[in-house]
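This report concerns only the one structure given below.
The values are calculated or read from the model by the stated rules, or taken from the named source; none is laboratory data. Keep in mind the model is a prediction, meaning the values are calculated, not measured. Neighbour counts are summed over all protein chains in view; Cβ atoms, including those assigned to glycine, are modelled from backbone coordinates with ideal geometry. For the accessible areas, the whole protein counts, side chains as well, though only heavy atoms, and no ligand, DNA or RNA atoms are used. Shrake-Rupley method; radii C 1.70, N 1.55, O 1.52, S 1.80 Å.
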Amino acid sequence: MEYTVQKLSHLAGVSSRTLRYYDEIGILKPARINSSGYRIYGSTEVDRLQQILFYRELGVGLDNIKTILTEPDFDGLKALQVHREKLLEKKEQLNVLIANVEKTIALNEGRIIMSDREKFEGFKQKLVDDNEAKYGQEIREKYGDDTVNKSNQKFKGMTQEQYDAMTKLAKEINELLYAAFRTGDPAGELAQKTADLHRKWLCYTWDSYSKEAHAGLAQMYVDDPRFTAYYDEKQPGAAEFLRDAIFIYTGQKA
């Protein structure tokens, strides 16, 4: 069966504008253009759109989706199996959040007593899942599944006090980073204090610390545009400055 843009958008629950944009960026081209100039999509394109929407639901960016789908060894069946696993993980996370909300309702009604840890365990799981969706592939390739899994477990085992301290420290790091950036000296006192605070921040979730891993993560901040955008949002060049400061702090060569 074949579909026009309008019919496919109605079938898939996306806008016609989205389908045209996917065509423009080359992630979903129509099977053909008919004599009237309309884009026509066939079963192959429908299957590809389904894959795109699965990846989007899991938080994968369009650039990464395009790279995945255009790989010569892309296996549609294997991708569906992975989607299923990820969606089941997401389902479990939602179940945790639902249980958390239900407990909170019961707490407010005076039916149960709820620990501080229980109050935010579902939110920690969501943060882990979001981080996995955004950066999981890169950090697992770089550090290995065992290291990442241990880090996730340590994060999920945090107390409320530890989580609050970690969040506060992250804010302090950013504020100090921008102050250090204005000095222009990654070896200066402010920059090196930033690098030291960054080490302390990492140790909240890292199972063990090493200078090499710290420097490797700093390099990823520059190599991966998603990390760069986070640090450069308020001050362009901040990610590279932080990388340089951490390289000096860890004694690693650029």
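Residue by residue, here is whether (1) under 24 Å from Ala133 (Cα atoms); (2) open to solvent by less than 80 Å² (accessible area, probe 1.4 Å) holds:
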| site | (1), (2) |
| --- | --- |
| Arg182 | no, no |
| Gly188 | no, yes |
| Thr194 | no, yes |
| Glu212 | no, no |
| Met220 | yes, yes |
| Pro225 | yes, no |
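Identify the residue in region 63-79 that is closer than 23 Å to Tyr3 by Cα and either free of Cβ contacts under 8 Å to residues at least 40 places away in the same chain or in contact with a Gly (Cβ under 8 Å, 6 or more places away or on another chain) (or both) and, among all such residues, is surrounded by the most Cβ atoms within 10 Å (Cβ to Cβ).
Taking region 63-79 and keeping what is closer than 23 Å to Tyr3 by Cα, we get 65-66, 69-70, 76.
If we keep only those that are either free of Cβ contacts under 8 Å to residues at least 40 places away in the same chain or in contact with a Gly (Cβ under 8 Å, 6 or more places away or on another chain) (or both) too, we end up with 65-66, 70, 76.
Numbers: Ile65: 20, Lys66: 17, Thr70: 10, Gly76: 12.
Looking at the filtered set, the residue picked out is Ile65.
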Check your understanding: Which numbered condition trips up Ser151, out of (1) crowded, with 18+ Cβ neighbours inside 10 Å; (2) more than 18 Å from Met220 (Cβ to Cβ); (3) among the small types (Gly, Ala, Ser)?
Key -> (2)
Point to revise | Members of region 182-216 found to be in contact (Cβ under 8 Å) with a residue 12 or more places away in the chain and of a type in the set (Lys, Arg), listed by number | key: Lys193, Arg199, Lys200, Lys211
**Study point:** Residue under evaluation Leu58, criteria (1) over 15 Å from Gly26 (Cα atoms); (2) exposed (fewer than 14 other Cβ atoms within 10 Å of the Cβ), criterion not met
**Key:** (2)
Study note, to complete from the structure: Given the conditions (1) part of a helix (DSSP H, G or I); (2) open to solvent by 20 Å² or more (accessible area, probe 1.4 Å); (3) under 18 Å from Leu62 (Cβ atoms), every one holds for Leu8 apart from (2)
Check your understanding: Among the residues of region 88-107 satisfying the criterion of being polar (S, T, N, Q) and modelled with pLDDT under 70, which is surrounded by the fewest Cβ atoms within 10 Å (Cβ to Cβ)?
Key -> Thr104
